[in-house]
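Before any comments, here is the structure.
The values are calculated or read from the model by the stated rules, or taken from the named source; none is laboratory data. As the structure is a prediction and not an experimental result, all values here were calculated from the model. Reconstructed Cβ throughout: ideal geometry from the backbone, glycine too, with neighbour counts over all protein chains shown.
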Amino acid sequence: MQTYKVDITEANAKAQLIDESFNRPVVVDFWADWCGPCKSLMPILDKLAEEYAGDFLLAKVNADEQGMIAAQFGVRSLPTVMIIKDGRPIDGFVGAQPETEVRKLLDKYLPKPWDKQLAEGLRLQDEGDNASALVALKEAYASSNQRADIACALAETYIALNRVAEAAEILGKIRLADQGPDYQQAKAKLELAQNAQKAPEIHALERQLEAEPENPDVKFQLAIQYSQHNYHKEALELLYQLLQKNIGARDGEVRKIFTDVLAVLGKKDPLAVEYQRKLYSLLY
């Protein structure tokens, strides 16, 4: 567990102010007991250190007791707050500031929520847990306003789950200016997946459904084939169409297969959530 706050002395100054700044930003608060503005600022910094839960280290320097350290950093008035990154001060302020201004300063240098979600998604991808990776990456994609590198990671997860149409939709939204190496790699994987041959049974049933688009038996048989070959979205959509017309279709077999596909996806999968809601809308 990372430390959120630390009191600085000459003994730990190098390790906590300099060395640690290569791992995360260090917010240094120079203060003194006699300083009224210091005492109004300190609770704000303490609160933010707890809230950000280790994204930065709050390093407190009592300027009266650690005058040499204060002098080394050129501190001339209190409170003084500095942000140290990669071994050097990069920003800061002098005097007490309201919480809103302190947040604005921190937000310039701290990781965004979607960066954490991206890192978690990539970790899950590496572990082969693509279903869980999909949840994290979809959240990151939405909260980052569809950032291109996150879109590529999300598309690759969809491809790994054999959800090619959704991957194509994600990649199709990426602007030309953002189509870098990550995009090219994801696009190549998509093309390979799109060129992969479907089972002959699926091809035959798809052609039959084109000829008879309202044939419930063909829809049902094709949905079964889709589900068996991991085309989950396509299977759910066909089954849902059947349930819309008759919630008890085929003596409940359609609904059972529908819920079986949802179970395979898992409760947290966004596709499962979407179609679970659709089922509820039919039931209630």
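In segment 215-232, the condition of being touching a residue at least 60 places away in the same chain (Cβ under 8 Å) and buried (at least 18 other Cβ atoms within 10 Å of the Cβ) is met by at least one residue. Looking across A151, A155, A142, A133, one residue alone is in a helix (DSSP H, G or I), in the same structural domain as E191 (by TED's automatic domain parsing) and exposed (fewer than 15 other Cβ atoms within 10 Å of the Cβ). It is A142. Contact map, segment 166-191: residues that are over 15 Å from I150 (Cβ atoms) paired with residues that are β-branched (V, I, T) and assigned to a helix (DSSP H, G or I), Cβ distance under 7 Å, separation 6+ or inter-chain. Pairs shown: K189/I159; L190/I159; L190/V164. Segment 183-284 holds helices (runs of 4 or more DSSP H) entirely within its bounds, and those carrying 2 or more residues that are among the hydroxyl-bearing types (S, T, Y) and closer than 25 Å to A155 by Cα map to 216-228. For E51, all conditions in the list (1) at pLDDT 95 or above; (2) on the phi < 0 side of the Ramachandran plot hold save one; what is the number of the exception? That leaves (1) as the condition not met. Picking from residues in segment 116-130 that are over 21 Å from A177 (Cβ atoms) and within 8 Å of the chain's Cα centre (by Cα), the one that is surrounded by the most Cβ atoms within 10 Å (Cβ to Cβ) is G121.
Conditions (1) touching a Lys or Arg at 6+ places or on another chain (Cβ under 7 Å); (2) not assigned by TED's automatic domain parsing to the domain that holds D269, marked per residue:
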{"site": "R147", "(1), (2)": "no, yes"}
{"site": "N162", "(1), (2)": "no, yes"}
{"site": "I170", "(1), (2)": "no, yes"}
{"site": "D182", "(1), (2)": "no, yes"}
{"site": "R207", "(1), (2)": "no, no"}
{"site": "F220", "(1), (2)": "yes, no"}
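Sub-6 Å Cβ pairs linking a first residue in segment 40-68 that is charged (D, E, K, R) to a second residue that is assigned to a strand (DSSP E or B) and buried (at least 18 other Cβ atoms within 10 Å of the Cβ), at least 6 apart or interchain, are K60/D29, ordered by first then second residue.
If I filter segment 41-65 down to residues being within 19 Å of D19 (Cα to Cα) and over 26 Å from the mean Cα position of the chain (by Cα), which single residue comes out as surrounded by the fewest Cβ atoms within 10 Å (Cβ to Cβ)? Among those residues, the one meeting the criterion is K60.
Residues in segment 225-247 include none that are of a type in the set (F, W, Y) and more than 30 Å from the chain's Cα centre (by Cα).
Among the residues of segment 238-268, what is the count of those that are of a type in the set (S, T, Y) and farther than 17 Å from R163 by Cβ? Selection size over segment 238-268: 1. For segment 1-16, the candidate set comprises residues that are out of contact with any helix residue (DSSP H, G or I) (no Cβ under 8 Å at 6 or more places or on another chain) and surrounded by 14 or more Cβ atoms within 10 Å (Cβ to Cβ); within that set, the residue that is nearest to G92 (Cα to Cα) is Q16. Please state which of the following conditions N145 fails to meet, knowing it meets all the rest: (1) at pLDDT below 95; (2) in contact with a Ser or Thr (Cβ under 6 Å, 6 or more places away or on another chain). The single condition N145 does not satisfy is (2).
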